[in-house]
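J.: Let me give you the structure first, and then I'll get to my questions.
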Amino acid sequence: MLLKPEARTKYDNGDDGFFYSVPRFVTHVDDHFIDQLTQLYRERLKPNSRVLDLMSSWVSHLPDEVEFAHVEGHGMNEEELRKNPRLNHYVVQNLNSTPQLPFSDGEFDAVLICVSVQYLQYPEIVLSEICRLLKPGGLLIISFSNRMFYQKAIAAWRDNSEMGRVALVKAYLKAISGFTEPEVIIQRSELPSFLQMLGMGGQDPFYAVIAERKVE
């Protein structure tokens with residue numbers, strides 16, 4: 001396994017379902033990050049494709065003008081997912097306790113994980129599932145910044161540097177033989193990260209790690 005048991009631990013070992021039971025109708029990153037992400041989706045996602053928005057919430061940041069054949073949502077809070085206008089359907093599931101996803105092989109053209117990868121305790125299992133769900137040539141976009149629910153992020157993420165987290169996500173993907181070599185997009189803020197986390201201005205850094213399911 002890629003991570004040692006201690007690297008998967010969280011400060012809050014309480015029930016994830018309880019933690020996420022209260023809806024949070026906020027955005028966890030700033031407008032600059034959201035603009036960068038929406039533009040990335042605009043450039044990389046194909047119209048009329050089938051998209052899985054994994055670990056989603058009440059907003060998916062998809063470009064308004066792009067029509068998709070189907071957008072499937074997944075998350076931990078049903079009230080948030082119900083209010084997401086881009087979702088055609090959704091499932092509520094805790095990936096840390098049940099990492100197997102209830103979808104067919106090759107069902108999706110793209111899978112998205114936005115500012116949530118840090119909470120996966122068994123990322124290699126979830127990413128293997130994602131690889132199974134993607135069509136050959138299908139796209140995975142994992143985006144993140146430097147914000148998190150500190151008590152729910154795994155130690156491998158929580159105790160790492162920002163560039164160390166980029167390397168970690170790349171390592172996750174490279175451990176799955178079905179993905180292509182990961183592509184990385186980095187747009188860092190000039191303000192020190194600890195000042196950003198204290199809300200003292202600047203722009204949230206934008207990181208994206210992108211890979212495709214290999215075409216055999």
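The values are calculated or read from the model by the stated rules, or taken from the named source; none is laboratory data. Because the structure is a prediction, the values reported are computed rather than measured. Counting neighbours? That spans all protein chains shown, and the Cβs are built from the backbone with ideal geometry, glycine included. Calculation scope for accessible area: heavy atoms of the full protein, side chains included, ligands and nucleic acids excluded. Shrake-Rupley method; radii C 1.70, N 1.55, O 1.52, S 1.80 Å.
J.: So in segment 157-190, with the set limited to residues that are more than 30 Å from Lys46 (Cβ to Cβ) and open to solvent by 50 Å² or more (accessible area, probe 1.4 Å), which one is modelled with the lowest pLDDT? Spell out how you get there, then give the answer.
T.: Let us first name the residues in segment 157-190 that are more than 30 Å from Lys46 (Cβ to Cβ), namely 157-164, 189-190.
Okay, now just the ones that are also open to solvent by 50 Å² or more (accessible area, probe 1.4 Å), so 159-161, 163, 190.
On the way: Asp159: 94, Asn160: 95, Ser161: 94, Met163: 95, Glu190: 63.
Here the answer is Glu190.
J.: When the residues of segment 1-23 are narrowed to those that are of a type in the set (D, E, K, R) and open to solvent by 60 Å² or more (accessible area, probe 1.4 Å), which ends up modelled with the highest pLDDT? Walk me through how you get there before you give the answer.
T.: Narrowing segment 1-23 to residues of a type in the set (D, E, K, R): 4, 6, 8, 10, 12, 15-16.
Next, only the ones that are open to solvent by 60 Å² or more (accessible area, probe 1.4 Å) stay: 4, 6, 15.
Numbers: Lys4: 92, Glu6: 95, Asp15: 80.
Restricting to residues being of a type in the set (D, E, K, R) and open to solvent by 60 Å² or more (accessible area, probe 1.4 Å), the top hit is Glu6.
J.: If you don't mind, another one. Any residue in segment 132-156 that is more than 29 Å from Asp12 (Cβ to Cβ) and open to solvent by 10 Å² or more (accessible area, probe 1.4 Å) sitting within a Cβ distance under 9 Å of a residue that is among the small types (Gly, Ala, Ser) and in a strand (DSSP E or B)? List the pairs, counting only those 6 or more apart or interchain.
T.: Qualifying pairs under 9 Å: Leu139/Ala110; Leu139/Ala211.
J.: Still on this structure, please answer the following. Do you know which residues across segment 51-79 are farther than 28 Å from Pro5 by Cα and under 16 Å from the mean Cα position of the chain (by Cα)?
T.: Filtering segment 51-79 down to residues farther than 28 Å from Pro5 by Cα leaves 51-52, 57-73, 78-79.
Within segment 51-79, Val51, Leu52, Ser57, Trp58, Val59, Ser60, His61, Leu62, Val71, Glu72, Gly73 qualify.
J.: Considering segment 78-104 alone, what residues qualify as being touching a residue at least 12 places away in the same chain (Cβ under 8 Å) and closer than 18 Å to Asn13 by Cα? Quick ask: steps written out before the conclusion?
T.: Filtering segment 78-104 down to residues touching a residue at least 12 places away in the same chain (Cβ under 8 Å) leaves 78-81, 83-84, 86-97, 99-101, 103-104.
Within segment 78-104, Gln93, Asn94, Leu95, Asn96, Ser97, Pro99 meet the criteria.
J.: Anything in segment 25-43 that is open to solvent by less than 80 Å² (accessible area, probe 1.4 Å) and in a helix (DSSP H, G or I)? List them, or say none. Even if it seems obvious, please write down each step before you answer.
T.: Taking segment 25-43 as the starting set, the residues that turn out to be open to solvent by less than 80 Å² (accessible area, probe 1.4 Å) are 26-30, 32-34, 36-41.
Once the filter is applied, which keeps residues that are open to solvent by less than 80 Å² (accessible area, probe 1.4 Å) and in a helix (DSSP H, G or I), segment 25-43 yields His32, Phe33, Ile34, Gln36, Leu37, Thr38, Gln39, Leu40, Tyr41.
J.: Out of the residues in segment 107-131 meeting the condition of being among the small types (Gly, Ala, Ser) and surrounded by 21 or more Cβ atoms within 10 Å (Cβ to Cβ), tell me which one is modelled with the highest pLDDT. Full working, then the answer.
T.: So the first thing to find is which residues in segment 107-131 are among the small types (Gly, Ala, Ser), and the list is 110, 116, 128.
If we keep only those that are surrounded by 21 or more Cβ atoms within 10 Å (Cβ to Cβ) too, we end up with 110, 116.
Values: Ala110: 98, Ser116: 95.
Selected residue: Ala110.
J.: Can you name every residue in segment 57-77 that is in a loop (DSSP other than H, G, I, E, B), closer than 20 Å to Phe19 by Cβ and of a type outside the set (Val, Ile, Thr)?
T.: Going through segment 57-77, the residues in a loop (DSSP other than H, G, I, E, B) turn out to be 57-69, 76-77.
Among the residues that remain, those that are also closer than 20 Å to Phe19 by Cβ are: 57-59, 76-77.
Within segment 57-77, Ser57, Trp58, Met76, Asn77 qualify.
J.: Just to check your reading of the model, which residue among Asp64, Asp53 is out of contact with any Ser or Thr (no Cβ under 7 Å at 6 or more places or on another chain) and either of a type outside the set (A, V, I, L, M, F, W, C) or buried (at least 21 other Cβ atoms within 10 Å of the Cβ) (or both)? Before you say what the answer is, go through the steps one by one.
T.: On the way: Asp53 fails: out of contact with any Ser or Thr (no Cβ under 7 Å at 6 or more places or on another chain).
It is Asp64.
J.: If you don't mind, there's one more thing I want to ask. Can you find a residue in segment 88-97 that is open to solvent by less than 20 Å² (accessible area, probe 1.4 Å) and of a type outside the set (Phe, Trp, Tyr)? Even if it seems obvious, please write down each step before you answer.
T.: So in segment 88-97, the residues open to solvent by less than 20 Å² (accessible area, probe 1.4 Å) come out as 95.
Next cut, of a type outside the set (Phe, Trp, Tyr) only: 95.
The answer is yes; a qualifying residue exists.
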